[in-house]
Amino acid sequence: MMNEKKKHRILYLADYMITPDRTIDNAAVLVENGKILAVGGLSGFAMDDTFEIKKFDNAYITPGFIDTHIHGAGGCDCSSIATSPASLTEMSRVLSRCGVTGFFPSVVADEPEKMLANLAYLAEEMKKPMPGAEPLAIHLEGPFLSPFRRGSQPESAILPIDLELTRELIAAGKGLIRMMTFAPELKNAEKLIEYLRSVNVKPSMGHSLADGEETLRAIDAGANHCTHLFNGMLPLHQREISLAGIVLTDTRVTAEMIIDGRHVHPRMVDLACRCKRANRIIGISDGTMAYNMPDGHYRIGPSSIKVINGFSQTEDGTFAGTTTMLDTGWHSLMSSGHLTETRAAQAVTSNPATNFGFLDRGVLLPGRRADLAVFEKESNRLLMTVRRGEVVYQNE
């Protein structure tokens, strides 16, 4: 008889899990070789003495969070990665302590030569093995933005749409750029959309003064995503429709929202959650290198920022990213947006995974990647993060 090598199977047990399509009580998730074998209530499992059991009392399990818009964390700035005080490796480690298993390093506008060099360096860094959360793709936030809604980005770095520069930027990213934020009112926006879609880059409308007609023209051309709804665009007006109003009411468009509790008023979070379908809201951190760091002076690419009492801003007081991650931010979708726990969880797990084509993760289902997070029920304190079946963070 042949000696078969015993399979290493791990059974995760908790009070309940959010799949996120539904909640399952007395939850069990069986994992082998980095993939989920089975999920369900514990009573449905035939116990095997070869299982390694990880049991969590007074806890719940979610899919690992996916942050598709984050500029840095733990001293790492993705927009100046070669000279950043901390590496992408450190950012990966820090994010795993927030239940994040996948993220999009986000790069802001800078001088073209610096952007090209930074993207090339970032792409190489992303190929390295990571100790925690996995960098999945690059989000390019600019440089084709409205100079009047540029946020913390320097006006000197904001450019008119240049298709040749776009090709160079995409090439520098070595196939890893999957989203580009642009202002749809700019000349040649439709040509930009057409090109981005041809190279599998999602055109995302933001940092814009676009009116309703300009927004709809971009959507008709194929732009179906919005960068941080309400921030970096005209406010809602009762007689004049603009980007925000169109995004709220057009079912073709997915809306990012910064869920730090500061960038968007709770009533506006509620409005967005009432207007958008469950699969059309994506919660993002818009986090900066200052996360998990003391108050002080930091950067987002070429822009200086300061953090006072955990609040990130430029020297003139303009909002400049956040220091709030998804592990705490997603609860604002329940408290402010009045979403159910499952819908709120979708916004930071299955929605980003599905919208960007990462169909092997974002849900707790057999055959999917074993990316999951375990939280304490009352405190919502993170207890463990698992990426591809490997424990990358454990709260001691």
> Just wondering, is there one or more residues in region 293-303 that are free of Cβ contacts under 8 Å to residues at least 12 places away in the same chain and assigned to a strand (DSSP E or B)?
Replying inline: yes
>> Residue pairs, Cβ under 7 Å, 6 or more apart or interchain, first in region 61-72 and under 22 Å from Leu13 (Cα atoms) and touching a residue at least 60 places away in the same chain (Cβ under 8 Å), second aromatic (Phe, Trp, Tyr) and open to solvent by 10 Å² or more (accessible area, probe 1.4 Å). List them.
In response: none
>> Looking only at helices (runs of 4 or more DSSP H) that lie completely in region 180-277, which have at least 2 residues being surrounded by fewer than 17 Cβ atoms within 10 Å (Cβ to Cβ) and at pLDDT 95 or above?
In response: 189-198, 212-221, 266-275
>> Here is a list: Thr324, Thr314. Which entry is within 16 Å of Val100 (Cα to Cα) and either free of Cβ contacts under 8 Å to residues at least 40 places away in the same chain or of a type in the set (S, T, N, Q) (or both)?
In response: Thr324
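So, in region 147-186, how many residues would count as being over 15 Å from Ala223 (Cβ atoms) and either over 22 Å from the mean Cα position of the chain (by Cα) or of a type in the set (A, V, I, L, M, F, W, C) (or both)?
Of the residues in that region, 21 qualify.
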> Scanning region 31-47 for residues that are surrounded by 14 or more Cβ atoms within 10 Å (Cβ to Cβ) and of a type outside the set (A, V, I, L, M), which turns out modelled with the lowest pLDDT?
Replying inline: Phe45
> (1) farther than 30 Å from Tyr121 by Cα; (2) open to solvent by less than 10 Å² (accessible area, probe 1.4 Å): which one isn't true of Thr385, the others all being true?
Replying inline: (1)
> Could you list, in sequence order, the residues of region 235-257 that are more than 12 Å from Pro184 (Cβ to Cβ) and in contact with a strand residue (DSSP E or B) (Cβ under 9 Å, 6 or more places away or on another chain)?
Replying inline: Pro235, Leu236, Glu240, Ile241, Ala244, Leu248, Thr254, Ala255, Glu256, Met257
> Out of all the residues in region 147-162, is one or more open to solvent by less than 20 Å² (accessible area, probe 1.4 Å), over 30 Å from Gly34 (Cα atoms) and assigned to a helix (DSSP H, G or I)?
Replying inline: yes
> With respect to His297, is the statement that it is open to solvent by 50 Å² or more (accessible area, probe 1.4 Å), in contact with a strand residue (DSSP E or B) (Cβ under 7 Å, 6 or more places away or on another chain) and not aliphatic (A, V, I, L, M) true?
Replying inline: yes
> Among the numbered criteria (1) touching a helix residue (DSSP H, G or I) at 6+ places or on another chain (Cβ under 7 Å); (2) at pLDDT 95 or above; (3) open to solvent by 20 Å² or more (accessible area, probe 1.4 Å), which single criterion is violated by Ala28?
Replying inline: (3)
>> Can you tell me which condition Thr50 does not meet? The list is (1) open to solvent by 20 Å² or more (accessible area, probe 1.4 Å); (2) closer than 19 Å to Arg361 by Cβ, and all the others hold.
In response: (2)
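Quick one: in region 312-339, of everything that is closer than 12 Å to Ser285 by Cβ and in a helix (DSSP H, G or I), which residue is nearest to the chain's Cα centre (by Cα)?
Keep residues of region 312-339 that are closer than 12 Å to Ser285 by Cβ, which gives 312, 321-330, 332.
Subset that is in a helix (DSSP H, G or I): 326-329, 332.
Values: Leu326: 8, Asp327: 12, Thr328: 14, Gly329: 12, Ser332: 16 Å.
Looking at the filtered set, the residue picked out is Leu326.
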> Which ones in region 338-356 are farther than 21 Å from Phe375 by Cα and open to solvent by less than 50 Å² (accessible area, probe 1.4 Å)?
Replying inline: Asn355, Phe356
>> Against the conditions (1) in a strand (DSSP E or B); (2) open to solvent by less than 10 Å² (accessible area, probe 1.4 Å); (3) out of contact with any helix residue (DSSP H, G or I) (no Cβ under 9 Å at 6 or more places or on another chain), where does Ile282 fall short? Just the number, please.
In response: (3)
>> Step by step: first the residues of region 49-94, then only those that are closer than 30 Å to Thr19 by Cβ and of a type in the set (S, T, N, Q), then the one that is nearest to the chain's Cα centre (by Cα). Which residue is that?
In response: Thr68
> Within region 90-132, can you find the residues that are farther than 28 Å from Pro154 by Cβ and open to solvent by 10 Å² or more (accessible area, probe 1.4 Å)?
Replying inline: Arg93, Arg97, Lys127, Lys128, Pro129, Met130, Pro131
> Got a number for residues in region 345-394 being on the phi < 0 side of the Ramachandran plot and free of Cβ contacts under 8 Å to residues at least 60 places away in the same chain?
Replying inline: 6
> Among (1) at pLDDT below 95; (2) farther than 22 Å from Ser92 by Cα; (3) among the polar types (S, T, N, Q), where does Asn292 come up short?
Replying inline: (2)
> Just for region 5-22: of the residues that are open to solvent by 10 Å² or more (accessible area, probe 1.4 Å), farther than 20 Å from Thr354 by Cα and not hydroxyl-bearing (Ser, Thr, Tyr), which one is modelled with the lowest pLDDT?
Replying inline: Lys5
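The values are calculated or read from the model by the stated rules, or taken from the named source; none is laboratory data. Quantities reported herein were computed from a predicted structural model and do not represent experimental measurements. Positions of Cβ are generated from backbone atoms using ideal geometry, with glycine treated the same way; all protein chains shown enter the neighbour counts. We work out accessible area using only protein heavy atoms, side chains counted, and drop any ligands, DNA or RNA first. Shrake-Rupley method; radii C 1.70, N 1.55, O 1.52, S 1.80 Å.
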